[in-house]
C-alpha cells in the first residue's frame, strides 16, 4: 500500500507538471461532446435525454488516452523495464497507477458534467447518484485500463491494440453508468441504485484481478 | 488406438454427425407450428452458440491453469489459443445464423436481444484477444499476457450478459418476443437437436485438436531453429578461443 | 562463502535469437570484474539478465543467493544497474527522481542530497527537471542513485561512456570505494586502460558465452 501511494503521488506530480491532461485530454473530451452535439443536435429534446450516454462515451474514449499516457510517462521506451527495476511491489504499482488514472478521470468528469449541462441542457438532479456512479465506474475503468495498458506497453502496436482490448471489456461500465445517470437525470435517482451496485461489482472484481495479475504481467514471478 | 487415429475418428464422426443433422433437419423433421421451415435453423444455431461458449470456457480454464502453475506449461497456452480461435469462428457463425433467423421472424437482421448483444460483444472481445496473441515476442511473455487477457475477457462475459439483459428488461418498448426459446421440441426434432449438439461438440474437439497440433509443430520448429541459432551464436565465440 | 554470481550454461533469448548461448562463470563476493568482448558478444545481455530484466531460458543463474529462475524480485532489490537507459522521469527534478527511487527501494530518501552533491548535482541542478539536463548529467543522476542505494552487486554497462573527464575520474573513485567496501562490481568497458586498474580480473565474452582470453585480438 505504501508503494501504491508512492506511485500514485509520482504519477500525479508528473501529470501536474506536464499538463498533458489539461492541454490535450480535456480538449479532446470537449471536442467529442461538441461533435455529438453536431451529429444529434441542435434540438435539445434530442440531446438532453441522450446526454448521459454521450457523456459516458466521451469519458470512455478519454480514458483510453489517459491510460496510454500513464504508461508513456514511464521512461518512454523502457516502461516495463523501469517498473521492474524500481524495486516496487507489482500490486502496489498497479494500485498506484490505477489510483492516479482514477483521480485524473474524476477531474475530467467533473468538467464534462458542466459541459453536458450547458451544451445539451441536461438538468443535474440526483447529484449523489451521479457522483457515486462516477466514482464506481471510474475505479473500474482505471483498473481495466491499467492492466491492459501494461499488457500493451512496450508493443509496437500498442496505440491500436489498447482500444480494441479495452473498449469491449468496458461495455458493462458504459451501460451501467449511463443507466444510473439516466435515472438520476430523470429525477428518479433511486432507480439507479441497482446499476450502481453493478458498477461496484465490476470495480471490485477488476481491482482484485489487477492486483493479482500485475505480478505475472511484469514478469516478476 | 493411437492419438492420430482418435483424432481422425473424431473428425469423421463429426462430419457424419453434421451431415446427418443437415439431412434430418432439412428433410426428415416436420415443420413447426408458427415457425415453418425456419425451425430448421434450430438444429444448428444453438449447437454453434454452445460450442462458442464451450470454447471460451476451455480457453479460460487453460489460461487459469497456465497462470496458476509456476511451471508455466506451454501446452496449456497452446490449448487456450487453439480453443479461442475455434470459439471466435463459431461465434461468427452463431451471429450469422442468428441474423438469418431474425430476418423472417422479426423482420430485422438485428435486434438488441441480450443473448445476441452479449454474443456480439464476445466476438469483438475475443477478436482483441486473438490480435494480442498474434503480436510477436518472447513465447513465454506472449503466453503470459495472453492468459491474463483471456482471464479478463472471460470474467467480463457474465457481467456483460447480466447488464445487457437487465437493460433490455427495463426497456421493453418495441418488444420482439424471442419465442424460439419457448418452442415445443418433440420426437424427431429433439433427436435431431441432440445430434446437432453432439456433432458440433465433436467438430469443436477435432478443430481444436488440429489447431493445437499445428501450434505444437510451430513451437517444435521454433525450438529446432533455436538449437541451430544457439550453435551459430556459440560459433561466433569460436574464432577467439 | 557462496559466490555473488554463479552461472551455469545460462541461455537467454530475445524472441528466437540467443542473447546468451550457454554462459558459465563464477564471481566471488567482493570481486571487481572487467567484462570484455567484441560488440554483440553479450555483455549488455549478461548484465541485464543478472538484474532480472532478461529471463533465463535454460541453465542456472544464482545472484546473491537468489535463483533467477524463481526469484528475480529478490535479486533486483540488491542489484544496481547503470545501463544505456537511465530510467528517469523527465518531468521530475533530479532530487525528486532520486527520492522517489530510494523510497521505492526502501532506502532513506535523505541520502539523495548527499549523493547528488557528490556527483556534482547539488544546488540549482538538484531542482532542475531531468528533461533539461544534458546526457552526461542524466548519467550522473543515474550514478547518484546507485551511490545512494549502495547495492551489494553493481552492474555497470559502459559506465565511462558519455561522461566528461571529471565525471570519469569521479566514477573511478566511486568504483574503487565500493571495492574497498567489499561490494561486488561487474563492469563492461571497451576502454581497457581505464578499467584495468579498477578491476581484479577480466572475463571475456564472445558469441554469448564466456571464452578464454583470446590469443589474437582483431
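The values are calculated or read from the model by the stated rules, or taken from the named source; none is laboratory data. Nothing here was measured: the structure is a model prediction, and the numbers come from that model. Virtual Cβ from ideal backbone geometry, glycine too; neighbours counted across all protein chains shown.
Values as computed for the structure displayed
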| read-out | value |
| --- | --- |
| Set C:145, C:155: member being crowded, with 19+ Cβ neighbours inside 10 Å, closer than 30 Å to residue C:6 by Cβ and touching a strand residue (DSSP E or B) at 6+ places or on another chain (Cβ under 6 Å) | C:155 |
| Residue tally, condition in contact (Cβ under 8 Å) with a residue 60 or more places away in the chain and assigned to a helix (DSSP H, G or I), over region B:95-114 | 4 |
| Single residue of region A:171-221 satisfying the filter (assigned to a loop (DSSP other than H, G, I, E, B) and closer than 30 Å to residue C:69 by Cα) that is farthest from the chain's Cα centre (by Cα) | A:221 |
| Conditions (1) surrounded by fewer than 20 Cβ atoms within 10 Å (Cβ to Cβ); (2) under 16 Å from the mean Cα position of the chain (by Cα); (3) free of Cβ contacts under 8 Å to residues at least 40 places away in the same chain; number of the one not met by residue B:125 | (1) |
| Selection from region C:42-56 of residues that are more than 14 Å from chain B (Cβ to nearest Cβ) and either farther than 25 Å from residue A:219 by Cα or surrounded by fewer than 22 Cβ atoms within 10 Å (Cβ to Cβ) (or both) | C:44 |
| Selection within region C:179-212 - buried (at least 18 other Cβ atoms within 10 Å of the Cβ) and either farther than 13 Å from residue C:33 by Cβ or within 14 Å of chain B (Cβ to nearest Cβ) (or both) | C:203, C:204, C:205, C:206, C:207, C:208, C:209, C:210, C:211 |
| Residue C:109 vs. criteria on the phi < 0 side of the Ramachandran plot, touching a strand residue (DSSP E or B) at 6+ places or on another chain (Cβ under 6 Å) and not in a strand (DSSP E or B) | no |
| Hey, residue C:24 in contact (Cβ under 8 Å) with a residue 40 or more places away in the chain and out of contact with any helix residue (DSSP H, G or I) (no Cβ under 6 Å at 6 or more places or on another chain) or not | yes |
| Some residue of region A:148-163 being within 12 Å of chain B (Cβ to nearest Cβ), surrounded by fewer than 22 Cβ atoms within 10 Å (Cβ to Cβ) and over 19 Å from residue B:144 (Cα atoms) | yes |
| Extreme residue, surrounded by the fewest Cβ atoms within 10 Å (Cβ to Cβ), among residues of region C:1-41 that are away from chain B (no Cβ under 14 Å) and outside any strand (DSSP E or B) | C:1 |
| Which listed residue, of A:107, A:142, A:137, is away from every other protein chain (no Cβ under 13 Å), buried (at least 24 other Cβ atoms within 10 Å of the Cβ) and touching a residue at least 40 places away in the same chain (Cβ under 8 Å) | A:142 |
| Qualifying positions in region B:122-152 - facing chain A (nearest Cβ under 7 Å) and closer than 18 Å to residue B:54 by Cβ | B:125, B:151 |
| Search result, residues across region C:51-105 that are more than 18 Å from the chain's Cα centre (by Cα), closer than 24 Å to residue C:17 by Cα and assigned to a strand (DSSP E or B) | C:58, C:59, C:60, C:67 |
| Selection status of residue C:123, surrounded by fewer than 18 Cβ atoms within 10 Å (Cβ to Cβ), over 26 Å from residue A:82 (Cα atoms) and outside the structural domain of residue C:34 (by TED's automatic domain parsing) | yes |
| Residue among B:205, B:216 that is surrounded by fewer than 18 Cβ atoms within 10 Å (Cβ to Cβ) and either modelled with pLDDT of 85 or more or not in a helix (DSSP H, G or I) (or both) | B:216 |
